[in-house]
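K.L.:
Just passing along the structure, written as structure tokens.
The values are calculated or read from the model by the stated rules, or taken from the named source; none is laboratory data. Only a predicted model underlies this, so the values are computations on that prediction, with no experimental measurement involved. Using ideal geometry, Cβ is built from the backbone for each residue, glycine included, and neighbour counts are taken over all protein chains shown. Note: areas computed on protein heavy atoms with side chains; ligands, DNA, RNA excluded. Shrake-Rupley method; radii C 1.70, N 1.55, O 1.52, S 1.80 Å.
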Amino acid sequence: MAVRNPRTGEQDYRFEAASAEQVREVVGAARRAQRTWAAGGIEHRNRALLAWADQLEKHGADIVDALSVDTGRQRISHEELGAIVHFLHGFCAAAPDVLATPFRKLPDHPDVVFKVTYVPYGVVGVISPWNFPLVLSFIDAIPALVAGAAVVIKPSEVTPRFVEPLRRSLAAVPELAGIVNLVQGGAETGQAVVAASDAVVFTGSVPTGRKIAVAAAQAFIPAFLELGGKDAAVVLAGSDVARAATSILRSALYNSGQVCYAIERVYAHASLYDALVAELVSQASTLRRSVAAGDGGHYGPMIFDRQGAIIDAQLDDAVAKGAKIVLGGNSEVRDGAVWVDPTIVTEVDHSMTLMTEETFGPVVPVMRFTDDDEAERLMNDSIFGLSGAVFGPDTHTAGDFATRMEAGGVSINDTELPRVMMFDGEKTAFKQSGMGGSRYGATSIMRYVRKRALLANEGAVPPLDKLSETAEYAPAH
């Protein structure tokens, strides 16, 4: 498969896609290796995973360099590597408490003692997207590994260069042989991963997530889906306009808007609508392209070239229906790279795809509302419910309104706060933004185990003459 460089537009990298048979072989080997991995216990798994954390840092320069070419982003690539090391340490530290299995007594049956044991899935298949290639390959794989599962990861074919140096870091930890596996390819390879695995995790678009959900149901395996978003920011009357604008832009423009939880639509109270638009334009106007690493620019080109066409189609549709672009505009191809500058759009409504479909680009449409009930109706008029934000004159006012938002994580007087609760909080996706338990919080480890109850009767066994058609069995006391 040929791979495009996002900064040059050239196809300067190639790799061999794994066939369905090759995927089955990898999964089979992983399933065999997993038995030893699970039987080794938490301490053994933690030692191996923390040894890998050390190797990630030793191979970090090569991994970051490859990620930087994959995505066109140097700083964010460093952030990705640091996040994975952080996840490894955090989940390993949490595992002994989360997976503890003490014996307990049944209060109503004092002769019965029991404990719940956790049986990991053999092989967890992970299919990850191109916007954060490393983090989204391992944000779910790491808790699965800690739980005792093996993983087979299919990274995006759009950003595959990091796989080679990553494999070198894994090879330096013999205990992970057959436990952490990466298979490369397109849709057919991903389909093979789903068909062969015991559970599957997917991060990506709603249409692809639907296909994976159907395939998982046919294979009768659980699917954990983290899908698209169309996150809303509501700016209530009395809000700090400058604070709201800065927070919204930070979310909407990070990674050039190629983030599932980016703010993609803004609803501003009529009393501050004009001031907010002016502040958004003023702040966004100070940002410039990062044409080369270290040039002081603020945003890079689109990672996936087709995203530019999607953004253009939404902007064209909005303008045709009466919207006004007050900053930025359609994509531009320069020296092979696809650029979308920070774009602010006004006079929008929900007849426009810009307000209803995922944009995945640095575009901020702003719509006015006159009262809280109208704001509630607008922010919840969406098939998505990943996250969102509410700004108000104080925490109490904004927090009260935040309870009306149909989304899994709502930031108050800021944006993207769920990012900071990796081990300490939980949230799930609402509506079509996902399915399955939370990937946040230390207890997300429990997504990758089944529960087996072991019960022992330490008293007498009831005699047969106590049997009847209606009697409920209970151990003798």
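K.L.:
Exactly one of (1) open to solvent by 80 Å² or more (accessible area, probe 1.4 Å); (2) part of a loop (DSSP other than H, G, I, E, B); (3) farther than 28 Å from Gly90 by Cα; (4) not small (Gly, Ala, Ser) is unmet by Glu426. Its number?
P.N.:
(3)
K.L.:
Keeping to region 364-415, report how many residues are β-branched (Val, Ile, Thr), more than 19 Å from Ala252 (Cβ to Cβ) and in contact (Cβ under 8 Å) with a residue 24 or more places away in the chain.
P.N.:
Here the count works out to 3.
K.L.:
Can you tell me which residues in region 218-238 are small (Gly, Ala, Ser), over 27 Å from Ala199 (Cβ atoms) and buried (at least 24 other Cβ atoms within 10 Å of the Cβ)?
P.N.:
Ala232, Ala233
K.L.:
Additional query: For region 349-367, what are the residues that are assigned to a loop (DSSP other than H, G, I, E, B), crowded, with 21+ Cβ neighbours inside 10 Å and in contact with a helix residue (DSSP H, G or I) (Cβ under 7 Å, 6 or more places away or on another chain)?
P.N.:
Across region 349-367, the qualifying residues are Met352, Thr359, Phe360, Gly361, Pro362.
K.L.:
For region 43-66, enumerate the residues that are under 25 Å from the mean Cα position of the chain (by Cα) and either over 30 Å from His78 (Cβ atoms) or basic (Lys, Arg) (or both).
P.N.:
Within region 43-66, just Arg45 meets the criteria.
K.L.:
For region 429-456, name all the residues that are assigned to a strand (DSSP E or B) and open to solvent by 20 Å² or more (accessible area, probe 1.4 Å).
P.N.:
Listed by number, the residues that qualify are Phe430, Lys431, Met435, Arg450, Lys451, Arg452, Ala453, Leu454, Leu455, Ala456.
K.L.:
Would you be able to tell me the number of residues in region 397-423 that are within 28 Å of Ile221 (Cα to Cα), open to solvent by less than 20 Å² (accessible area, probe 1.4 Å) and either of a type in the set (Phe, Trp, Tyr) or part of a strand (DSSP E or B) (or both)?
P.N.:
The total comes to 1.
K.L.:
So which residues in region 252-281 are of a type in the set (Gly, Ala, Ser), part of a helix (DSSP H, G or I) and surrounded by 24 or more Cβ atoms within 10 Å (Cβ to Cβ)?
P.N.:
Within region 252-281, Ala252, Ser256, Gly257 meet the criteria.
K.L.:
Given the conditions (1) free of Cβ contacts under 8 Å to residues at least 40 places away in the same chain; (2) under 30 Å from Asn413 (Cα atoms); (3) open to solvent by 20 Å² or more (accessible area, probe 1.4 Å); (4) of a type outside the set (D, E, K, R), report the number of the one that Ala215 does not fulfil.
P.N.:
Of (1) free of Cβ contacts under 8 Å to residues at least 40 places away in the same chain; (2) under 30 Å from Asn413 (Cα atoms); (3) open to solvent by 20 Å² or more (accessible area, probe 1.4 Å); (4) of a type outside the set (D, E, K, R), only one is false for Ala215: (2).
K.L.:
Just checking, does region 14-28 include any residue being in a loop (DSSP other than H, G, I, E, B), at pLDDT 95 or above and over 27 Å from the mean Cα position of the chain (by Cα)?
P.N.:
Within region 14-28, none of the residues are in a loop (DSSP other than H, G, I, E, B), at pLDDT 95 or above and over 27 Å from the mean Cα position of the chain (by Cα).
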